[in-house]
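Laboratory data are not the source of any read-out in this text; all were calculated from the coordinates shown. Keep in mind that what you see is a predicted model, and the values were worked out from it rather than measured. Neighbour counts are summed over all protein chains in view; Cβ atoms, including those assigned to glycine, are modelled from backbone coordinates with ideal geometry.
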Amino acid sequence: MAVWRASRGSAINRRTSFTRSIYAAVRRKLARVPEPLRITAQQPRLLAAVSGMEVAQEAMHTADPVVKVPAGIKTAMLIGCPF
């Protein structure tokens with residue numbers, strides 16, 4: 001059984017084309033890749049599931065963006081999230 005070492009170099013070597021595409025999309029949107037995403041990317045199936053959930057949530061048109069964006073910002077402020 002291989003032991004996963006939490007070094008920056010080993011994480012780069014494990015990147016697949018799927019992971020690189022997710023990183024590129026996140027960099028376009030946020031200008032950097034957040035640490036939680038890097039941790040999630042260590043498990044490709046989990047990354048795929050989380051990415052699918054994010055896409056589905058953004059695609060939901062149940063609330064008007066004029067209401068949705070300020071609500072997201074307020075929620076982030078309340079929980080201390082920098083995004």
Using eta = 1.306 mPa s and T = 10 °C, Stokes-Einstein with Kirkwood Rh from Cα pairs puts D for the stretch 8-79, in µm² s⁻¹, at 115
By per-residue mean of other Cβ atoms within 10 Å, what is the highest-first order of 24-33, 46-55?
-> 46-55, 24-33
